[in-house]
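Peer 1: Input: one structure, supplied below.
Each reported figure results from applying straightforward, stated rules to the coordinates on display, with no laboratory input. As the structure is a computational prediction, the values presented were derived from the model and not from experiment. Positions of Cβ are backbone-derived with ideal geometry, glycine not excepted, and every protein chain shown enters the neighbour counts.
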């Protein structure tokens, strides 16, 4: 690793939950923050990705997949999906680097999370890389509504799950037409994916505003994260759903 990254070390993985409205755990998002050597703080993984070489990014992704594989019994027993965010660099590596691809192919419950700023997302399945990804792996759109791309890829049926961008949700929630707008969005997207998720739910008041909109699941700061050692705690129904 380069000198800058030698000063940092990977922390253990963080599992952020997504719950259905009956309190059932639907999925987790897996991230690996960095522990800064000179400060007692965890820095988000995305802050470091741009500074990593391709080899370093491949090692990081392989480590994440291997950590998930250690908990295969948990994911299969509880029918929970694990999501890992990727960009075009990592996507290409998954398709061309056998150890990565083979590891991911052993984990059918792992979904790849793509953001709206993914190159050529507006082309949907007309883009060769996106077509290859959609044919080989389970894909989810991480931040629908962020304003970075039109919904072409959604309408192409590329995504198993579509997650609404948390900032988009929170901004729309302040408007009087929030409920009919969200219902219209649901009706437009639902035929083209398996599940629609509302992100950015940070308190009980926000949860109540979206509880009866016909979406499949929610995520946000209202729900505590877990580490590999506490992963099983996520299967307990949060009190807010009782």
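Peer 1: How many percent of DSSP beta bridges within the range 3-232 run antiparallel, rounded to 5?
Peer 2: 40
Peer 1: Points 7 angstrom from Cα along the Cβ direction at residue 78 and residue 188: gap in nanometres?
Peer 2: Computed distance between label sites residue 78 and residue 188 equals 3.4 nm.
Peer 1: How fast does the range 178-225 diffuse by Stokes-Einstein, in µm²/s, taking the Kirkwood radius from C-alpha pairs at 20 °C and 1.002 mPa s?
Peer 2: D, rounded to a whole number, is 190 µm²/s.
Peer 1: For the chain, just the Cα set please: Rg and Dmax, both in angstrom.
Peer 2: Looking at the chain, its Cα Rg and Dmax stand at 17.9, 52 Å.
Peer 1: Also, I was wondering about something else. Considering Cα pairs under 8 angstrom that are at least six residues apart, work out the relative contact order of the range 3-232 and quote it in whole percent.
Peer 2: Relative contact order for the range 3-232 comes out at 19 percent.
Peer 1: Oh, and also: In square nanometres, what is one fourth of the surface area of the convex hull spanned by the alpha carbons of the range 152-242? Present the calculation step by step, with values, prior to reporting the outcome.
Peer 2: On the way: hull surface 27.0 nm².
Across all orientations, the range 152-242 yields a mean hull projection of 6.8 nm².
Peer 1: To the nearest 0.05, what FRET efficiency results for residue 242 and residue 69 with a Förster distance of 35 Å applied to their C-beta separation?
Peer 2: So the FRET efficiency works out to roughly 0.60.
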